[in-house]
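The values are calculated or read from the model by the stated rules, or taken from the named source; none is laboratory data. What you see is a predicted model, and the numbers here were worked out from it, not measured in a lab. With ideal geometry, Cβ positions are generated from the backbone for all residues, glycine too; neighbour counts draw on all protein chains shown.
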Amino acid sequence: MIWTPQALSRLDSIVTVSGVNYYYRANPDSIVKLIPSVKKQEDFYNAYKELVDFFERNNIRLTEKEKVVTRFKWYFFKILVLKIKEYRFTRIFYLLGVLPCCRVTRYPELEGENG
């Protein structure tokens, strides 16, 4: 996720080949389909944040929606109960993954005043 854009940004040119297909067979019992562990969620979060930062440092425009990172998902018996999304200093909490219930914004410029 992080390596590809960084590698592409260092190229002088790129060649594409038309007519090349990619076939993907979805397996519902695959490990990819399992509920992600906390470690896997943290890894994805950190990688996505680094990707967004890379795009911003290299003046590659992203929509506001593309800058929103899923911070955490909490499941109860395979049912998504809570999803936390983050954009810059704001976290939005969603019940059942879709119902926004709380918004928390940090103000880093004020945090320094309190020690």
**Message:** Name the single residue that is surrounded by the fewest Cβ atoms within 10 Å (Cβ to Cβ) among those in segment 73-115 being assigned to a loop (DSSP other than H, G, I, E, B) and aliphatic (A, V, I, L, M).
**Reply:** Val98
**Qualifying position, being hydroxyl-bearing (Ser, Thr, Tyr) and modelled with pLDDT under 85, among Ser13, Ser9** = Ser9
**Fill in**
Residue pairs qualifying under the 9 Å Cβ cut-off, at least six apart or on distinct chains, with the first in segment 68-82 being under 26 Å from Glu56 (Cα atoms) and free of Cβ contacts under 8 Å to residues at least 24 places away in the same chain and the second being assigned to a strand (DSSP E or B) and of a type in the set (Phe, Trp, Tyr), are Val68/Tyr87
**Request:** Would you please name the residue that is nearest to Trp74 (Cα to Cα), looking only at residues in segment 7-36 that are part of a loop (DSSP other than H, G, I, E, B) and either among the small types (Gly, Ala, Ser) or in contact with an Asp or Glu (Cβ under 8 Å, 6 or more places away or on another chain) (or both)?
**Result:** Ser30
**Request:** Report, by residue number, each residue of segment 67-115 that is farther than 23 Å from Ala47 by Cβ and among the aromatic types (Phe, Trp, Tyr).
**Result:** Phe76, Phe77, Tyr107
**Item:** Condition met for Leu62 (assigned to a loop (DSSP other than H, G, I, E, B), surrounded by 10 or more Cβ atoms within 10 Å (Cβ to Cβ) and not polar (S, T, N, Q))
**Value:** yes
**Prompt:** If you check Lys49, Lys39, which single one turns out to be among the basic types (Lys, Arg) and within 22 Å of Phe77 (Cβ to Cβ)?
**Reply:** Lys39
